[in-house]
Amino acid sequence: MIQAERRQVRFRLSNRMKLFWMAVPFVIIVFIFNYIPLFGWIYAFFDYKPGVPLWKTPFAGLDYFKLMYDERKDLFNVLRNTMIMSVLGLLCTPLFAAFAIFLNEMRSKSFKKIVQITTTLPNFISWVLVYAVFFMFFSSDGFINKVLFHFGWIDSPTNVLGNNDIVWYVQTGIVMWKGLGWGAIIYLAAIAGIDQEQYDAAKVDGAGRFRTIWNITVPGILPTFFVLLLLDVSNMLSNGFDQYFVFYNPLVATHIEVLDYYTYRVGMLNSDFSYSTALGISKTVISITLLFTVNNLAKRIRGESII
Amino acid sequence: MKRFQIGEFSFHSINYIVYTLFMLLCIYPFYYILINSISSPDAIIDGVYFFPKGFTLDTYIQLFQSDNIINAFIVSASRAVIGTVVTVIACAFFSYLITKREMFARKFVYRFVIITMYLNAGLIPWYITMRGLGLKDNYLLYILPTIISAYFIILIKTYMESLPIVLEESAMMDGAGYLRLFSHIILPVCMPILATVAVFHAVNQWNSWTDNYFLVSNPKLQTLQLILLNYLRQAESMASDANRQLITSAAGITGFRVSSASVRLAITMIVTLPIMMVYPFMQRYFVKGIMMGAVKG
């Protein structure tokens, strides 16, 4: 018995390093593709010009961070767009939960399944395809204009994707179209996890549908809702690049430009690598700070961290 | 009692209507694009809403005769297949190693990888790094950077930890090494989660275009997504859509006698269809994430 145990211990020890060395190639891959780019942050402190090696470029100190202040008019506009669209997105989060709650009330299993399959589809297409779809529906010879024209409701084509006044709402609507069905799945899982006995007890007590939803389902999914909301808050500055890149056009430029797009424009179109990097650093630092703040908040409120 | 039933009835009716409308909103656009892409250009101008009019596959035939579309299709499809195989195997093996408690510096290795979920260097540092690694205009750009994904590692590791240890112990007694244990015992029982990860990654790969946009200018390495985007941009820049004449697309497809609208519609369909085809699998595997008595079987 003891001998067998010893053999096992020796076996384990000899395998400690073996396992480690097998993992090393993967660690190297992660290092190359996820950590080395971080060293690129150093470009924010130099007057980096593409093609000139780093040791030949003059040190710039915090100049590029100060530049953010000098560019505050642009940056303010960009941050306003970013925050407004993020907040609109946050305001829509209860819809995900509502979508799941009411779907859960449906009796037909096959209907539920069909709803899930069809409404999650838009989540799996690229933003280029989303743009293709919306372009074909909203451009001047697209579906919407054809139909409106056909019924004689309009004389000249409307241009929804080029309307600066409504672009925030249009983009939020597009996000909801793409993500509503998929986002609801996590709530469906949460609802499935609620103790069925609670529902049975409510039924015995004669509680109606809406009472049951309000008193059992809603509290049951509240923790999920809360965690997702906090994660969204920590992601407020990153509404993503793809969507705003594909839907960007000169007509809506002032209202659609978000931080990720601005970073791209400054870096790639204006070739100002240093300033763009400085912007990226600030964004990451703020996002991580937000994440930890929100995490602490979650710990204090729920006694459980979210990351 | 009667009022209760009326309430029930209207509740369900409203529910059915709302969900059906939203389903239509999600599905009809694709149907609309499909029927338009197989209708004649003249019919498209008049409007095609329910069924194809003047059925023709000319656009598709012409598209599949042009080299750059076929080439882009091969690039997109191959990156989806190769990228997925490599990523799934790498993530699965790494997760397997991580589940071994006796590994030296296990916690550190795991955290080193997982923390990358929260680290984002930003566009320019990423761009400079990839260029520095020689991945500009290089096919490997589509495969290598996404080999290890923290998210997939978490999914697979969690699944593996739910497996009964008994599975491995018997094989270990026979003196099988880690590689053998992994490939013969662990891999087969992890199929549900690996299939989920595979479908996720394949869809991601198929949908990727920013890497192409920023770092690949070689026409031989263009992805379908970017070609579609270029067509849309082109159409957008001709925004004086009023003159809907037949045009010869300037994007390299010469001698085209189909309208630019048809081309856009058909390419959109070519890009969408593969997603729709792998999609049912996604649904199945997503729900089925739980291990089913592998010990017994």
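Does residue B:103 meet the test of being more than 9 Å from chain A (Cβ to nearest Cβ) and under 19 Å from residue A:20 (Cα atoms)? So residue B:103 does not fit the description; no.
Applying the condition of being in contact (Cβ under 8 Å) with a residue 24 or more places away in the chain, closer than 13 Å to residue A:75 by Cβ and aliphatic (A, V, I, L, M) to the stretch A:254-270 and asking which residue is surrounded by the most Cβ atoms within 10 Å (Cβ to Cβ) yields A:258.
Residues checked against (1) under 29 Å from residue B:44 (Cα atoms); (2) out of contact with any Leu (no Cβ under 7 Å at 6 or more places or on another chain):
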position	(1), (2)
A:152	yes, yes
A:165	no, yes
A:172	no, no
A:181	no, yes
A:189	no, yes
A:212	no, yes
A:222	no, yes
A:232	no, no
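The helices (runs of 4 or more DSSP H) found wholly in the stretch A:123-195 and carrying at least 2 residues that are more than 8 Å from every other protein chain (Cβ to nearest Cβ) and more than 25 Å from the chain's Cα centre (by Cα) occupy A:143-150. Only residues that are without any contact (Cβ under 8 Å) to a residue 12 or more places away in the chain and outside any helix (DSSP H, G or I) were counted across the stretch B:139-171, and they come to 1.
On the basis of being over 19 Å from residue A:26 (Cα atoms) and crowded, with 18+ Cβ neighbours inside 10 Å, does residue B:178 make the cut? Against the criterion (over 19 Å from residue A:26 (Cα atoms) and crowded, with 18+ Cβ neighbours inside 10 Å), residue B:178 does not qualify. Every condition in (1) within 8 Å of chain A (Cβ to nearest Cβ); (2) out of contact with any Asp or Glu (no Cβ under 8 Å at 6 or more places or on another chain); (3) within 30 Å of residue B:266 (Cβ to Cβ) holds for residue B:20 except the one numbered (1). Of the residues making up the stretch B:130-176, just one is facing chain A (nearest Cβ under 9 Å) and modelled with pLDDT under 85, namely B:172. Looking at this structure, is residue A:84 part of a helix (DSSP H, G or I), within 14 Å of chain B (Cβ to nearest Cβ), surrounded by 12 or more Cβ atoms within 10 Å (Cβ to Cβ) and β-branched (Val, Ile, Thr)? Criteria not met by residue A:84.
Within the stretch A:94-112, the set of residues being assigned to a helix (DSSP H, G or I), free of Cβ contacts under 8 Å to residues at least 40 places away in the same chain and within 8 Å of chain B (Cβ to nearest Cβ) comprises A:102, A:111. Taking the options A:134, A:149, name whichever one is of a type in the set (Phe, Trp, Tyr) and touching a helix residue (DSSP H, G or I) at 6+ places or on another chain (Cβ under 7 Å). A:134 is the lone residue from the list that is of a type in the set (Phe, Trp, Tyr) and touching a helix residue (DSSP H, G or I) at 6+ places or on another chain (Cβ under 7 Å). Applying the criterion of at least 3 residues that are at pLDDT below 90 to the helices (runs of 4 or more DSSP H) found wholly in the stretch A:202-307 leaves A:218-234, A:273-302.
The rows are residues; the columns are (1) under 16 Å from the mean Cα position of the chain (by Cα); (2) within 14 Å of chain B (Cβ to nearest Cβ); (3) crowded, with 17+ Cβ neighbours inside 10 Å; (4) within 29 Å of residue A:48 (Cβ to Cβ).
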position	(1), (2), (3), (4)
A:223	no, no, no, no
A:227	yes, no, yes, no
A:232	yes, no, no, no
A:252	no, yes, yes, no
A:276	no, yes, yes, yes
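For the stretch A:173-190, the set of residues classified as among the β-branched types (Val, Ile, Thr) and under 12 Å from residue A:247 (Cβ atoms) consists of A:174, A:175, listed by residue number.
Annotation: residue A:300 fulfils all but one of (1) away from chain B (no Cβ under 11 Å); (2) in contact (Cβ under 8 Å) with a residue 60 or more places away in the chain; the unmet one is (2).
Step by step: first the residues of the stretch B:54-85, then only those that are charged (D, E, K, R) and at pLDDT below 90, then the one that is nearest to the chain's Cα centre (by Cα). Which residue is that? Among those that are charged (D, E, K, R) and at pLDDT below 90, it is B:67. Within the stretch B:198-216, track down each residue that is within 14 Å of residue A:124 (Cα to Cα) and part of a helix (DSSP H, G or I). Listed by number, the residues that qualify are B:198, B:199, B:200, B:201, B:202, B:203, B:204, B:205, B:206, B:207. Against the conditions (1) in contact with a strand residue (DSSP E or B) (Cβ under 8 Å, 6 or more places away or on another chain); (2) free of Cβ contacts under 8 Å to residues at least 60 places away in the same chain, residue A:46 satisfies every one except (2). Selection over the stretch B:113-138 of residues that are on the phi < 0 side of the Ramachandran plot, buried (at least 22 other Cβ atoms within 10 Å of the Cβ) and in a loop (DSSP other than H, G, I, E, B) gives a count of 1.
With respect to residue A:76, is the statement that it is within 14 Å of another protein chain (Cβ to nearest Cβ) and out of contact with any Ser or Thr (no Cβ under 7 Å at 6 or more places or on another chain) true? No; evaluated as a whole, the condition is false for this residue.
The values are calculated or read from the model by the stated rules, or taken from the named source; none is laboratory data. Computed from a predicted model, the values in this text were never measured in an experiment. Positions of Cβ are backbone-derived with ideal geometry, glycine not excepted, and every protein chain shown enters the neighbour counts.
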